[in-house]
1. State whether one or more residues within segment 368-383 are crowded, with 22+ Cβ neighbours inside 10 Å, aromatic (Phe, Trp, Tyr) and under 30 Å from Arg145 (Cα atoms).
2. When the residues of segment 121-138 are filtered to those that are hydrophobic (A, V, I, L, M, F, W, C) and at pLDDT below 80, which remaining residue is farthest from Thr87 (Cα to Cα)?
3. Name the residue that is least open to solvent (accessible area, probe 1.4 Å), counting only residues in segment 251-296 that are closer than 21 Å to His319 by Cα and not in a helix (DSSP H, G or I).
4. Consider Thr322 carefully, then state whether it is of a type in the set (Ser, Thr, Tyr), within 17 Å of Glu261 (Cβ to Cβ) and free of Cβ contacts under 8 Å to residues at least 12 places away in the same chain.
5. Any idea which of (1) under 30 Å from Gly97 (Cα atoms); (2) open to solvent by less than 40 Å² (accessible area, probe 1.4 Å); (3) of a type in the set (A, V, I, L, M, F, W, C); (4) modelled with pLDDT of 85 or more is the one Ile239 doesn't satisfy?
6. For segment 33-54, give me the residue count where each residue is crowded, with 24+ Cβ neighbours inside 10 Å and modelled with pLDDT under 85.
7. Inspect all residues belonging to segment 55-78 and state whether any of them is touching a residue at least 60 places away in the same chain (Cβ under 8 Å), buried (at least 21 other Cβ atoms within 10 Å of the Cβ) and closer than 14 Å to Asn255 by Cβ.
8. Residue pairs, Cβ under 8 Å, 6 or more apart or interchain, first in segment 79-90 and more than 12 Å from Leu203 (Cβ to Cβ), second β-branched (Val, Ile, Thr) and in a helix (DSSP H, G or I). List them.
Amino acid sequence: MHSVSSYLHVLSGSSRNARLYFITASLVGLTLEGIHALLFNLYLLRLGYGPEFIGLINGIGMCAFAICSLPAGRLTQRWGCRRTMLTGLFLVIVGYGLLLTVELEPGTWRNCWLIATFVIVTVGAAVYFVNTAPFLMNVTSGKERNHVFSAYAAIGSLAGFTGNLAGGILPAFLGVMLGESLSQPAPYRWALLIATLLLLPALLTVRATTSETAARQTSGKRFEGGSSRMSLILLLSLIRMLTITSLAVVHFFFNVYLDAELEVSIAQIGLVMAIGRLLAVPAALVIPLLTSRWGNGSISLWSSLGSAISLIPLAFVPHWGTASLGFVSVMAFASIRYPTFMIYTMEVVSPEHRGVASGAGEMAAGGSFAFMALSGGYLITALGYHSLFLTGAILTGIGTFIFSLNFRNRER
């Protein structure tokens, strides 16, 4: 009860900008992290593409995400978070709207159209997501920050849970309405279009925010020197790139694995992914309790280790129940690692360099997602799904080890 009451007390006193952003986060979670995350790759399968092309298009898209992340951080310094987030969301909506017209294109141009429009989506996503951490840092104080960031993660997970459930149901419902079977692309196309239109209100909620206030003082230890500051940002970006691989492999290939390899139904895949999102909610909400005792760096470190371990069942036990347990665990640990590592990163750099640090971190994350997407399809074809999940576990473990060395050195 104390934890719940403290949440309500802190969040009720949070700024109007923070509360408006929670609405935006719920819409983004519902659509991009829920419906789109579940159905996009399945839509590609119904268009006749295999794991290689699915890995290729996702990899190219994430390369674009990575390349644009650092410039997006610079753009934040000129435009501010609010205007930059609006631009990002607009590009995502336009990109997905164009992508879903791909079936009108002749076969020879279809691949190019898919890749080009998906790049627009991922560029917009980069511009948007780079600004989320700096925006929340600017509109919160140190006292409420962990509560607000954990609430942000919980809201995104809860919205993603709703989106996964809806994504599991929508194709079957639309298939009946359209008279199409679930082996055809039409039900998935219309479900993705509905999800894209649901992003329009997110534009309005971001627009309703006011210009964010100057970043408030934090208590984290900072590196003020130019060379040491950039070295720290590069090191944190490397850690982010490695530790996020566990999330990358399940993000791109978990639904493909269940659908193509284990022959699990779409509704059941949506349910499993929804449960993963749902269990991430309480995991995110305990963050203030955990960080008040052990700190953001320590909790981020242990959650990264948990993510690596969670991939091991997916690598060695080809059963939907075991795979689902591994997926749920990865999602729970990711919901803890992301906000704690973001706060840790934002607090060890000066406020004026938060945009650059966030851009570098998102660039590293995008690079990791791109590498796993591009290599994942070929790994699956050559060696099987177990090789992909094992690779993700090893890389996450390496990143966790590097983080532990850095963290211990800084705490001395």
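1. yes
2. First pass over segment 121-138, keeping only residues hydrophobic (A, V, I, L, M, F, W, C): 121, 123, 125-127, 129-130, 133, 135-137.
Restricting the remaining residues to those that are at pLDDT below 80 gives 133, 137.
Details: Ala133: 16, Met137: 20 Å.
Among those residues, the one meeting the criterion is Met137.
3. Filtering segment 251-296 for residues that are closer than 21 Å to His319 by Cα and not in a helix (DSSP H, G or I), the one least open to solvent (accessible area, probe 1.4 Å) comes out as Val264.
4. Details: of a type in the set (Ser, Thr, Tyr): yes; within 17 Å of Glu261 (Cβ to Cβ): yes; free of Cβ contacts under 8 Å to residues at least 12 places away in the same chain: yes.
Judged against the criteria, Thr322 is a match.
5. With (1) under 30 Å from Gly97 (Cα atoms); (2) open to solvent by less than 40 Å² (accessible area, probe 1.4 Å); (3) of a type in the set (A, V, I, L, M, F, W, C); (4) modelled with pLDDT of 85 or more applied to Ile239, the lone miss is (1).
6. Summing the residues that are crowded, with 24+ Cβ neighbours inside 10 Å and modelled with pLDDT under 85 in segment 33-54 gives 1.
7. Scanning segment 55-78, I find at least one residue that is touching a residue at least 60 places away in the same chain (Cβ under 8 Å), buried (at least 21 other Cβ atoms within 10 Å of the Cβ) and closer than 14 Å to Asn255 by Cβ, so the answer is yes.
8. Trp79/Thr87; Thr84/Thr76; Thr84/Val127
The values are calculated or read from the model by the stated rules, or taken from the named source; none is laboratory data. Every value quoted in this text rests on a predicted model; they were computed, and no experiment measured them. We place every Cβ from the backbone using ideal geometry, glycine too, and count neighbours over all the protein chains shown. SASA here: full protein model, heavy atoms, side chains in, ligands and nucleic acids out. Shrake-Rupley method; radii C 1.70, N 1.55, O 1.52, S 1.80 Å.
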